[in-house]
Amino acid sequence: MAESIRQVKQLIEPQFVIEGAGVLLRRSFGPSRANPFDPFLLFDHFAFNDPLEGPIKGFPTHPHRGIETVTYMLEGNVRHRDSLGNMGVIGPGDVQWMTSGRGILHEEMPRRGPSGNVIGFQLWVNLPAAQKMSPPRYQEVTAAEIPVLEEGGHQIRVVAGEYQEIKGPVTEIAAQPVYVDVTLQPGQKIDLPVPDSHTVVAYLFEGKGYFGSQAEEDSQAVEAVKLAVFGDGNLVRVQAAADHHARFMLMAGAPFQEPIVPYGPFVMNTEEEIRQVFIDLRNGTFAQT
Ligand code: CO
């Protein structure tokens with residue numbers, strides 16, 4: 001297939017928002033009916049590194065229906081516990097891919113690591129109408145289980161999808177996602193193949209890079225922290241700035257092209273289905289298995 005490089009069509013500056021019991025986050029986008037990043041619904045970056053922030057408040061028990069929440073930690077950890085009796089700790093480099101399906105109630109409590117930092121991401125991925133009421137499911141992957149490709153100073157951690165025949169451990173996700181953590185040393189370049197029907201975004205959280213075509217003057221300079229949204233093509237080309245490394249999360253997913261009705265932690269296809277969420281919560285049948 002002919003190579004066609006995706007160009008940056010939009011740069012998003014994440015906005016600070018407060019969620020949960022008072023957690024300050026950088027949000028690049030959240031769920032909306034317009035659903036511009038279909039199948040992705042939300043991307044949050046939590047980064048607490050100021051000891052003056054004091055004790056970190058978390059996300060006490062809350063429900064989800066109709067989505068998948070993906071937690072990827074860089075530093076510190078998140079303790080989680082849910083209505084099905086699952087509990088555990090998501091540590092540095094670990095991923096939790098939680099498919100809420102018809103319903104789950106869980107709490108997510110960040111804790112500082114030895115460095116004093118808590119840094120991680122939460123991505124929400126939509127489910128197609130046919131899977132919104134499926135049974136909940138977890139894929140928990142420890143850092144050691146995530147394949148890391150290192151070549152000439154590149155470092156690519158493949159959480160989901162495939163890069164150079166290395167497959168990520170998270171599988172059987174409706175959105176057929178690619179989710180990779182890429183670090184480039186100064187001046188290094190990489191080509192990341194992506195299916196051309198997928199929605200593709202990259203979250204540059206460290207350093208500076210050029211995204212888009214080969215020639216520096218035609219590509220888009222991007223400085224952390226920004227979300228780059230790509231146009232059509234089958235390749236994402238990135239080059240780190242000559243004097244700086246670049247680190248970014250690349251996300252690609254197959255759009256479902258279905259209408260959505262988001263309401264807080266629920267994303268369904270119709271208003272009727274959102275009303276049903278509240279009926280189920282009231283009747284105590286929300287998270288029944
Ligand atoms: Co949650």
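Over all projection directions, the Cα-based convex hull of the range 111-238 averages an area of 9.9 nm².
Where does the range 8-283 land on the Kirkwood hydrodynamic radius, alpha-carbon pairs, in angstrom? So the Kirkwood estimate lands at 19.1 Å. Take 241-252, 108-119 and order them by the average number of nearby Cβ atoms within 10 Å per residue, most first; the result is 241-252, 108-119.
Against the chain, whose longest principal axis comes from its Cα atoms, helix 271-283 is set at around 50 degrees. Straightening the chain between Thr270 and Arg282 buys 2.4 nm, computed as 0.36 nm per residue apart minus the Cα-Cα spacing.
For a modelled paramagnetic label at Lys57, 7 Å from Cα along Cα-to-Cβ, the residues of the range 18-37 in reach, with backbone nitrogen under 18 Å, are 18-27. Computed in the context of the full set of protein chains, the accessible area of the range 8-283 at 1.4 Å probe radius has 50% of its extent on carbon or sulfur.
As a rough guide to protection, the peptides 72-81, 14-23, 272-281 ranked by mean Cβ packing within 10 Å, highest first, stand as 72-81, 272-281, 14-23. Rounded to the nearest 500, the helix-only mean residue ellipticity at 222 nm of the chain stands at -1500 deg cm²/dmol, with each DSSP H run of n ≥ 4 adding -39,500 (n - 2.57). The range 28-48 and the range 154-179 have their alpha-carbon centroids 20 Å apart.
Average accessible surface for the range 99-253: 38 Å² per residue, computed with a 1.4 Å probe over protein heavy atoms with every protein chain in place.
The values are calculated or read from the model by the stated rules, or taken from the named source; none is laboratory data. Keep in mind it's a predicted model, so treat the numbers as computed, not measured. Using ideal geometry, Cβ is built from the backbone for each residue, glycine included, and neighbour counts are taken over all protein chains shown. What goes into the accessible areas is simple: the full protein's heavy atoms, side chains included, and nothing from ligands, DNA or RNA. Shrake-Rupley method; radii C 1.70, N 1.55, O 1.52, S 1.80 Å.
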